[in-house]
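Participant: There's a structure below that I have some questions on.
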Amino acid sequence: MGGSASILTKEQLEEYAELTYLTKYEIHYIFTRFLKLGPTQIATDFHFRFNSHYVMEEFPQLKFNPFRKEIFRIFSSQKDGHFSFEDFLDLCSVMSENCPLEVKAAWAFRILDFNGDNEISRDDINVLLDRLTGTSRLTEDDKNQISDILLHEMDLQHTGSMSQLEFLHAMTKMPEFATSFSFRP
């Protein structure tokens, strides 16, 4: 385990393995990569929180993710855009292939609820479309038409937006969701 063994104890490794959907090997690998952000800071303070900019440099799957701002907002335990190892481990656990679909969908819902009102509305879907296609690719009419179609299919209670339960129901019907809402650290 090298130099990281003296910082990440066997007991911590076992506890993280019990509390996440990750194996001990995956946790150790993630810790080794996270440690590169600041070995001195982590050795001094295991819970040191790194600015998202530094985290993105070490983990390109975040740097190039169109939802990185929301990911950092949602998974930052202090809601400050900074990540401790445990914050990052939570993210990796959710993005793990072993994470249950229901858990992934709950976190995806929070990420895609751009305005934070606990529902996914037309406005949220339009932001999603802009992030996926670029802001100048679709006209407002195109985005509204796509939003209307999605809401028609997924808004089971016809409230004009999706609740978390409706979103979960829709994600269980999409077999590719679990693999597309994953990454390898």
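Participant: Grab the helices (runs of 4 or more DSSP H) fully contained in region 87-182, keeping just those with 1 or more residues being in contact (Cβ under 8 Å) with a residue 24 or more places away in the chain and over 16 Å from the mean Cα position of the chain (by Cα). Steps first, please.
Facilitator: Details: elements: 101-112, 122-133, 140-154, 164-172, 177-180.
Per the criteria, 122-133, 140-154, 164-172.
Participant: Collect the residues in region 43-55 that are under 17 Å from S76 (Cα atoms) and either hydroxyl-bearing (S, T, Y) or touching a Phe, Trp or Tyr at 6+ places or on another chain (Cβ under 9 Å) (or both), keeping them in residue-number order.
Facilitator: F46, H47, F48, R49, F50, N51, S52, Y54, V55
Participant: Which residues, counting only those in region 57-86, are under 24 Å from D124 (Cβ atoms), open to solvent by 30 Å² or more (accessible area, probe 1.4 Å) and in a helix (DSSP H, G or I)?
Facilitator: Q61, K63, R68, K69, R73
Participant: Looking only at region 126-183, which residues are open to solvent by less than 50 Å² (accessible area, probe 1.4 Å) and closer than 24 Å to S93 by Cβ?
Facilitator: L128, F167, L168, A170, M171, F177, A178, F181, S182, F183
Participant: Return the residue satisfying two criteria in turn: it lies in region 127-185 and is small (G, A, S) and closer than 21 Å to C99 by Cα, and of such residues it is modelled with the highest pLDDT.
Facilitator: The selected residue is A170.
The values are calculated or read from the model by the stated rules, or taken from the named source; none is laboratory data. Bear in mind that the values here come from a model prediction, so they are computed numbers and not experimental data. We place every Cβ from the backbone using ideal geometry, glycine too, and count neighbours over all the protein chains shown. These accessible areas exclude ligands, DNA and RNA; they are computed on the full protein's heavy atoms, side chains included. Shrake-Rupley method; radii C 1.70, N 1.55, O 1.52, S 1.80 Å.
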